[in-house]
Amino acid sequence: MPEAISYERVGDIAVLKAQNPPVNALGYDVRVGLVEGIERAEKDEGVRAVLIYGDGSTYFAGADIREFGKPPRQPHLTEVCNRIESSPLLVVSSIHGTALGGGLEVAMSTHYRIAVPSAKVGLPEVLLGVLPGAGGTQRLPRLTGLDAALDIITTGRHVKAKEALDLGVIDKLEEGEPREIGLAYVQELLDSGAPRRVVSELPAPAPIDFDAVYESVLKRGRGQISPATAVRAVQGSVEKPFAEGLKYERELFMELMGTDQRQGLIHAFFSERQVSKLPELKGVEPRPLNSIGVIGGGTMGAGIATSALLAGLPVVLLEMTPEAAAAAQGRIEGNLSGALKRGKISQAKFEDMTQKALTVSTDYAALSDVDLVVEAVFEEMGVKKTVFGKLDEVCKKGAILASNTSYLDVDEIAASTSRPEDVIGLHFFSPAHVMKLLEVVVADKTAIDVVATGFALGKKLGKISVRAGVCDGFIGNRILKTYRTAADHMVLDGASPYQIDKALTDFGFAMGPYAVGDLAGLDIGWATRKRLAGSRDPRERISIYPDKMCEAGNFGQKTGKGYYIYEAGKRAGVPNPEVMELIEAERAEKGITPRAFSDEEIVRRYMAAMVNEGAKVLEEGIARRPLDIDMVFLFGYGFPRYYGGPMKWADLQGLPGLLEDIKTYAKEDDFFWQPAKLLEDLVAEGKTFDDLNQAAG
Ligand code: 3HC
Ligand code: NAI
């Protein structure tokens with residue numbers, strides 16, 4: 001194991017190379033190594049300057065996040081930075097890959113910075129629930145001024161090298177190897193007699209109205225507190241001497257370190273990387289994936305085709321009639337022209353994708369050579385079976401046959417072919433070229449290399465892929481159905497859909513469930529209710545009024561009226577008074593005396609339903625790990641990232657209290673509120689969902 005920081009002498013330059021793969025995170029060994037390296041250089045006779053750079057793919061990508069929440073070990077990164085900055089030697093950073101968080105803080109404490117043009121810098125700490133805690137909020141404003149510093153710190157965005165050069169964060173750009181360009185730059189600085197440039201000694205910018213900035217950043221955070229807290233730290237850089245500002249930054253950093261939001265965001269960071277790592281896929285070679293077919297060019301098919309085209313995959317899209325095919329082509333072109341307008345693709349790429357890479361057809365024979373087909377036709381088992389029967393006839397041997405079904409049984413679909421091992425569910429979310437989630441639904445007979453290919457496709461399309469088992473609605477829609485039902489029960493009992501939407505947006509959701517219903521189309525739920533009508537348990541409490549809304553042709557946004565009324569050109573609606581009339585009539589008919597719900601109770605019931613169903617989904621093996629459920633909700637359902645996901649939220653709340661709630665609710669309705677056995681077991685054993693994540697490795 002090489003030292004975390006190696007020392008090399010090149011003429012009168014000491015070279016410190018970081019060797020802490022994979023991203024040269026600034027863990028304890030690296031921090032110690034940096035201090036020792038500087039001390040050694042200062043004692044090394046004839047050394048006039050120090051070059052710091054990273055081995056492998058990057059400069060320092062930040063503090064070691066795995067150390068968060070553990071007792072801090074000296075030296076703190078702040079001390080390391082101060083030690084580097086105060087060295088009498090000229091200290092220079094050579095940056096490649098990413099200088100993020102603590103990485104950029106180290107770079108800003110060196111006296112000059114050179115970078116390769118592909119490098120990126122940034123202070124993404126707020127995205128992890130903390131703020132730059134090693135001088136970043138004090139040094140960056142001195143280099144760039146307040147506007148850029150506040151933008152970079154409160155958004156956490158990655159800044160490309162060219163922009164960083166323009167902002168004064170980087171002093172020079174040069175193509176080449178970090179060691180070579182760094183050495184040449186140090187030599188150039190020594191030859192020209194350049195002085196040490198000590199950022200902490202630069203004048204602080206003039207004050208601005210920080211309260212106004214704080215308020216607007218707080219609002220933008222939708223409940224997330226780290227970006228707004230970072231504004232206060234930046235304020236310290238202007239209002240306090242450097243050393244005092246550093247102390248203030250540290251205090252705020254430690255405050256955030258102690259929050260649930262920090263735990264939620266770090267959980268999200270690691271889970272996002274963990275979620276597609278499945279032990280059974282280790283060493284399994286995915287099948288070739290050079291072209292895909294899509295059947296059905298409606299909302300989903302067009303979105304899936306767009307996503308594939310954007311990822312560079314040629315697409316053959318099959319529709320029922322030439323008119324439908326032309327409409328599908330139009331939808332895809334519309335999606336891609338959005339990407340063109342936003343500068344995501346060039347005009348040439350747009351033309352290439354729409355004219356060369358996309359083929360629309362009404363003839364199944366066009367699919368004979370594709371590697372993978374995603375079916376996105378109407379949500380009816382009969383239609384799906386006919387389509388899969390045809391695919392079985394025309395697709396080449398080894399082609400993967402996937403369904404985008406939302407709820408239907410993938411085992412049954414697979415059984416309608418002679419090659420069930422090639423059949424899988426690939427459940428995209430709407431709009432499919434935007435939403436990051438992909439549920440990879442593994443059926444009984446799905447071959448392992450088909451699963452691997454599902455994940456490979458997800459990666460190619462830039463999705464977060466989550467393994468799911470077969471059940472009605474898989475992971476996400478199954479849980480959604482349950483907490484939607486909890487909300488519907490509250491409406492019957494006295495809450496209004498509008499109070500529920502408001503309580504949940506205040507909680508942090510981008511939209512409440514009824515506004516989401518309007519967006520997705522109320523006809524979808526109507527169809528599902530009709531499908532399940534025959535199999536309902538008589539103990540189930542159901543509402544009739546949503547059916548009445550649909551019978552009147554009110555499907556939500558697409559018809560201009562649902563729970564809300566939508567004026568042309570406006571996305572947000574105003575409450576539709578007819579809905580409350582229907583609800584009140586139904587309550588009267590059912591003999592329900594409405595009662596008041598506090599916003600807190602609404603959130604607790606909604607979340608309890610979500611977590612309890614999540615635990616059942618785990619118990620049945622539909623999701624393997626709690627983190628899989630968390631990622632489904634973060635990337636498919638707009639769950640606030642700073643809670644980490646519903647299962648992480650539950651851990652942070654405490655599982656015993658949640659189980660108590662469920663048992664209390666069960667006294668009113670013991671059919672709906674049946675505690676999950678897994679939840680009861682965890683509480684009995686004093687364990688958390690995270691313990692299950694750890695046990696799964
Ligand atoms: N600490 C510990 N581990 C880290 C890490 C960090 N800062 N950054 C990345 N890793 C790990 C990942 O978990 C992953 O581990 P795995 O292979 O076991 O899953 C591995 O390094 C590779 O990471 P990625 O898969 O993300 O690799 P990419 O090449 O896609 O991305 C990256 C590289 C852009 C550096 C990305 O990893 C990233 O954004 N990292 C986080 C950067 C960050 O937020 N830094 C700020 C930290 S907070 C801080 O510095 C506080 C300070 O102000 C005091
Ligand atoms: P849609 O009604 O917008 O599109 C369906 C398309 O399939 C239509 O254009 C129709 O012409 C075409 N089609 C129907 N039968 C066909 C056949 N035999 N051959 C070729 N084309 C045929 O429906 P949408 O919303 O795109 O849904 C499609 C599938 O995706 C459904 O299974 C649905 O459950 C699923 N899904 C829908 C989501 C949504 O939010 N709309 C989200 C995730 C999955």
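The values are calculated or read from the model by the stated rules, or taken from the named source; none is laboratory data. As the structure is a prediction and not an experimental result, all values here were calculated from the model. Here the Cβ is made from the backbone with ideal geometry for all residues, glycine too, and neighbour counts use every protein chain on show. Protein only, heavy atoms only, side chains kept; ligands, DNA and RNA dropped before computing areas. Shrake-Rupley method; radii C 1.70, N 1.55, O 1.52, S 1.80 Å.
For this structure, a couple of remarks:
- Per-region count, the range 99-129, residues among the polar types (S, T, N, Q) and closer than 23 Å to Asn82 by Cβ: 2
- Considering the range 329-374, and only residues there that are acidic (Asp, Glu) and in contact (Cβ under 8 Å) with a residue 24 or more places away in the chain, the residue that is most open to solvent (accessible area, probe 1.4 Å) turns out to be Asp369.
Each row is one residue, and each column tells you yes or no for (1) of a type in the set (A, V, I, L, M); (2) more than 11 Å from ligand 1 (Cβ to nearest atom); (3) out of contact with any Phe, Trp or Tyr (no Cβ under 7 Å at 6 or more places or on another chain); (4) outside any helix (DSSP H, G or I).
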position	(1), (2), (3), (4)
Val234	yes, yes, yes, no
Glu244	no, yes, yes, no
Arg250	no, no, yes, no
Glu255	no, yes, yes, no
Gly264	no, yes, no, no
Phe269	no, no, yes, no
Glu272	no, no, yes, no
Ser276	no, no, no, yes
Glu280	no, yes, yes, no
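- Some residue of the range 242-263 being crowded, with 19+ Cβ neighbours inside 10 Å and within 30 Å of Leu372 (Cβ to Cβ): no
- Some residue of the range 369-390 being out of contact with any Asp or Glu (no Cβ under 9 Å at 6 or more places or on another chain), closer than 21 Å to Glu620 by Cβ and either within 16 Å of ligand 1 (Cβ to nearest atom) or among the acidic types (Asp, Glu) (or both): no
- Tally, over the range 580-626, of residues that are farther than 30 Å from Asp444 by Cα and of a type in the set (Lys, Arg): 5
- For the range 317-328, the count of residues that are closer than 20 Å to Phe429 by Cα, part of a helix (DSSP H, G or I), touching an Asp or Glu at 6+ places or on another chain (Cβ under 9 Å) and of a type outside the set (D, E, K, R) is at least one.
- Scanning the range 374-387 for residues that are closer than 16 Å to Gly298 by Cβ and more than 7 Å from ligand 2 (Cβ to nearest atom) yields Val374, Glu375, Glu380, Lys384.
- Single unsatisfied condition, Ser216 versus (1) closer than 14 Å to Leu131 by Cβ; (2) of a type outside the set (Lys, Arg); (3) in a helix (DSSP H, G or I): (1)
For (1) in a loop (DSSP other than H, G, I, E, B); (2) modelled with pLDDT of 95 or more; (3) within 32 Å of the chain's Cα centre (by Cα), each residue gets a yes or a no:
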site: Leu140; (1), (2), (3): no, yes, yes
site: Leu143; (1), (2), (3): no, yes, yes
site: Thr154; (1), (2), (3): no, yes, yes
site: Gly176; (1), (2), (3): yes, yes, no
site: Leu190; (1), (2), (3): no, yes, no
site: Gly193; (1), (2), (3): yes, yes, no
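- The sole residue among Gly334, Gly301, Gly312, Gly293 that is near ligand 2 (Cβ under 10 Å from one of its atoms) and at pLDDT 95 or above is Gly301.
- Looking at the range 628-697, the helices (runs of 4 or more DSSP H) lying wholly inside it that each contain 2 or more residues that are closer than 28 Å to Asp506 by Cα and open to solvent by 40 Å² or more (accessible area, probe 1.4 Å) sit at 646-653, 655-666.
- Residue within the range 231-239 that is within 22 Å of Asn82 (Cα to Cα), surrounded by fewer than 16 Cβ atoms within 10 Å (Cβ to Cβ), in contact (Cβ under 8 Å) with a residue 12 or more places away in the chain and assigned by TED's automatic domain parsing to the domain that holds Lys70 present: yes
- Within the option set Ala527, Ala533, being over 31 Å from the mean Cα position of the chain (by Cα), over 30 Å from Gln261 (Cα atoms) and part of a helix (DSSP H, G or I) holds for one residue only, Ala533.
- Of the candidates Ala194, Ala204, Ala212, Ala230, the single residue that is within 16 Å of Arg113 (Cα to Cα) and among the hydrophobic types (A, V, I, L, M, F, W, C) is Ala194.
- Taken over the range 285-316, the criterion of being of a type in the set (A, V, I, L, M), closer than 22 Å to Leu437 by Cα and not in a loop (DSSP other than H, G, I, E, B) is satisfied by Ile292, Val294, Ile295, Met300, Ala302, Ile304, Ala305, Ala308, Leu309, Leu310, Val315.
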